[in-house]
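What follows is one structure encoded as structure tokens, with my remarks underneath.
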Amino acid sequence: MTTHADYSEKIPNNVSLHEDRRLQRALESWQPNFLAWWESMGPTLPTRDVYLRTAVNVGREGWAHFGHVAMRDYRWGIFLAERDPGRLIGFGAHKGEPVWQKIPGEYRAELQRLIVIQGDTEPASVEQQRNLGATAPSLWDLRNLFQVNVEEGRHLWAMVYLLHAYFGREGREEAQALLQRNSGSSESPRILGAFNEETPDWLSFFMFTYFTDRDGKYQLGTLKESSFDPLSRTCEFMLKEEAHHMFVGTTGVDRVVERTAQLMVEHDTDDVAASGGIPLDVVQKYLNFHYSVSLDLFGGETSSNVAHYYTAGLKGRWMEGRRGDDHKLTDDSMLVDALVDGEIGQSEVAAIVGLNSDLRREYIKDCSAGVSRWNKILREAGLSQRLSLPSVAFNRKVGVFAGIEASPGGVRLSAQEWEQRKAQWLPTEVDKTYVRSLMRPVYERGKIAGWLAPPRNGINGQPFDYEFVRLA
Ligand code: BYC
């Protein structure tokens, strides 16, 4: 196993692809299909080149290279974190046994399903974001969008590598299908709900990278615990790239809130639309929407699927190694969100079936940190208004709350009340049209649109007024 990337090959990789001609040929025949998909479903804005980070290594001494590249020539590669030869299974029925380098036959179908679901989200997000380049608020933001896009493309490669290398013909068919489903398509949509929603404007993009990419961070964190070592090592490396996606979301919303707060103070009004800002109640509605659709991504509050994944050792918990229990959970119980006598409450279940809730809870804690940060911006501006996360029962389409309606405060509503009041809580056509009206491209170096504050830092030591993107 080499750890240094081989860039002389058509497909950069650190998995010694040249030693397996069949696999190499299979991936090389998928590559033009991927490129055709990128050309037809990827970013629509014509660019000459973009200042991008490319993964070139996985070691501690620096893993990425920065430079201007034409996006179609981006070196999408296959990188797995370094192998720990002594790694043992950390949870479930096989705890303590050596991790698997090949797939045990009895778990093949489940592993394939997990990898396909993960793989499906990556190109989906590129599709959702494809038109955003036309309205970027600065070259700095435009570059970040494209960085996220090419890395989601690389994450697709990561999953396709696993499908080709370990799942035979079926894996190759699934890899092909990953390019054939499309976000929002009525005939063949993406698998998970949030990935069929639109990302039509940059406020949505920042909310998506904050809330939906963060689901990615948590799901990858549980797959990193997997007993199937190649999956674990793949996810470990993907998480490195994911940190930048989190940064784009967190600082993106920061900058919107900062600008809105500034305008609120300056004009002594909540109605900052008159001065070209995004009113805080609109920010709250976008937050409500993206948070609730992202909560759905964790699946049901109780799930026999997740219990099986855990016992089999396929998917662990967030920070499995730091949990102080027996890592088998055969006799434990936990509280999960539930409908209790028709009301929003909690009920006790066997811990093993509640693991989607366990992960969702970790995720919610992390999301709260973002809200605290945004509220700090408001507080420091001397404002009393605050943002908040809505109730777990609000606007849910998956899980126990899918069948009911609830207010952001967690009060159960009749269907009629919901219809009457949802415009207070979710973006309306009027809100969306207003936000879209602000989306005018700013492609001049060092300039920024008026609805958000400039970033505090450059990229890789390059200042804000650097030529991050050269348009075609
Ligand atoms: N939409 O037993 P349950 C990312 C289905 S994001 C539609 O509770 P389970 C990224 C479910 O498939 C991370 N259907 O589900 C972010 C099941 O169907 P079957 C992506 C849904 O299996 C931004 C049925 O409902 N990675 O990386 O416990 C940009 C019963 O549900 C949904 C993963 O998700 C939904 N939201 O848990 C780029 C990791 N939820 O079996 C990238 C892999 C559930 O009855 N996936 N269903 O036909 C998993 O771990 C699990 O499959 C899930 C669901 C957590 C998604």
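The values are calculated or read from the model by the stated rules, or taken from the named source; none is laboratory data. Only a predicted model underlies this, so the values are computations on that prediction, with no experimental measurement involved. Cβ sites come from the backbone with ideal geometry, for glycine too, and all protein chains shown count toward neighbours.
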Task: Output for segment 386-396, where each listed residue is surrounded by 16 or more Cβ atoms within 10 Å (Cβ to Cβ) and either of a type in the set (A, V, I, L, M, F, W, C) or at negative phi (or both) - done: 387, 389, 390, 391, 392, 393, 394, 396
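Which ranges mark the helices (runs of 4 or more DSSP H) fully within segment 122-227 that have 3 or more residues being within 21 Å of residue 78 (Cα to Cα), near the ligand (Cβ under 10 Å from one of its atoms) and within 16 Å of the chain's Cα centre (by Cα)?
Values: elements: 139-166, 168-180, 202-207, 213-223.
The qualifying helices (runs of 4 or more DSSP H) are 139-166, 213-223.
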Open item on the list: Exactly one condition in (1) surrounded by 18 or more Cβ atoms within 10 Å (Cβ to Cβ); (2) not in a loop (DSSP other than H, G, I, E, B) is false for residue 448; which is it?
Closed with: (2)
Open item on the list: I'm trying to understand the selection: among the residues of segment 107-121, which are free of Cβ contacts under 8 Å to residues at least 60 places away in the same chain and either more than 9 Å from the ligand (Cβ to nearest atom) or surrounded by 22 or more Cβ atoms within 10 Å (Cβ to Cβ) (or both)?
Closed with: 108, 109, 119
Open item on the list: As an exercise: evaluate residue 274 against (1) in contact with an Asp or Glu (Cβ under 9 Å, 6 or more places away or on another chain); (2) more than 24 Å from residue 110 (Cα to Cα) and give the number of the one condition it does not meet.
Closed with: (1)
Task: Failed criterion for residue 263 (all others in (1) at pLDDT 95 or above; (2) farther than 30 Å from residue 107 by Cα; (3) under 20 Å from the mean Cα position of the chain (by Cα) hold) - done: (3)
Task: Residues within segment 217-256 that are among the β-branched types (Val, Ile, Thr) and out of contact with any Leu (no Cβ under 7 Å at 6 or more places or on another chain), tallied - done: 4
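Could you say whether any residue in segment 166-176 is in contact (Cβ under 8 Å) with a residue 24 or more places away in the chain, farther than 30 Å from residue 257 by Cα, out of contact with any strand residue (DSSP E or B) (no Cβ under 6 Å at 6 or more places or on another chain) and aromatic (Phe, Trp, Tyr)? Before you say what the answer is, go through the steps one by one.
Step one: of segment 166-176, the residues in contact (Cβ under 8 Å) with a residue 24 or more places away in the chain are 166-167, 170-172, 174-176.
Next cut, farther than 30 Å from residue 257 by Cα only: 166-167, 170-172, 174-176.
Those left that are additionally out of contact with any strand residue (DSSP E or B) (no Cβ under 6 Å at 6 or more places or on another chain): 166-167, 170-172, 174-176.
With aromatic (Phe, Trp, Tyr) added as a condition, the list becomes 166-167.
There is at least one residue in segment 166-176 that is in contact (Cβ under 8 Å) with a residue 24 or more places away in the chain, farther than 30 Å from residue 257 by Cα, out of contact with any strand residue (DSSP E or B) (no Cβ under 6 Å at 6 or more places or on another chain) and aromatic (Phe, Trp, Tyr).
How many residues, within segment 180-214, are among the basic types (Lys, Arg) and surrounded by 22 or more Cβ atoms within 10 Å (Cβ to Cβ)? Reasoning before the result, please.
We begin by selecting, within segment 180-214, every residue among the basic types (Lys, Arg); these are 181, 190, 214.
Imposing the further condition that a residue be surrounded by 22 or more Cβ atoms within 10 Å (Cβ to Cβ) reduces the set to 190, 214.
Selection size over segment 180-214: 2.
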- [ ] Within segment 228-240, track down each residue that is more than 11 Å from the ligand (Cβ to nearest atom) and either surrounded by fewer than 21 Cβ atoms within 10 Å (Cβ to Cβ) or part of a helix (DSSP H, G or I) (or both).
- [x] 229, 230, 232, 233, 234, 236, 237, 240
Task: Subset of segment 278-326 [surrounded by fewer than 19 Cβ atoms within 10 Å (Cβ to Cβ), in a loop (DSSP other than H, G, I, E, B) and away from the ligand (no atom under 12 Å from the Cβ)] - done: 319, 323, 324, 325, 326
Open item on the list: For the structure I just gave you, tell me whether residue 393 is more than 18 Å from residue 286 (Cβ to Cβ) and in a loop (DSSP other than H, G, I, E, B).
Closed with: yes
TODO: Return yes or no: is residue 265 surrounded by 17 or more Cβ atoms within 10 Å (Cβ to Cβ) and of a type outside the set (Ser, Thr, Tyr)?
DONE: no
Task: Test: residue 273 is more than 10 Å from the ligand (Cβ to nearest atom), more than 30 Å from residue 398 (Cα to Cα), at pLDDT 95 or above and out of contact with any Leu (no Cβ under 6 Å at 6 or more places or on another chain) - done: yes
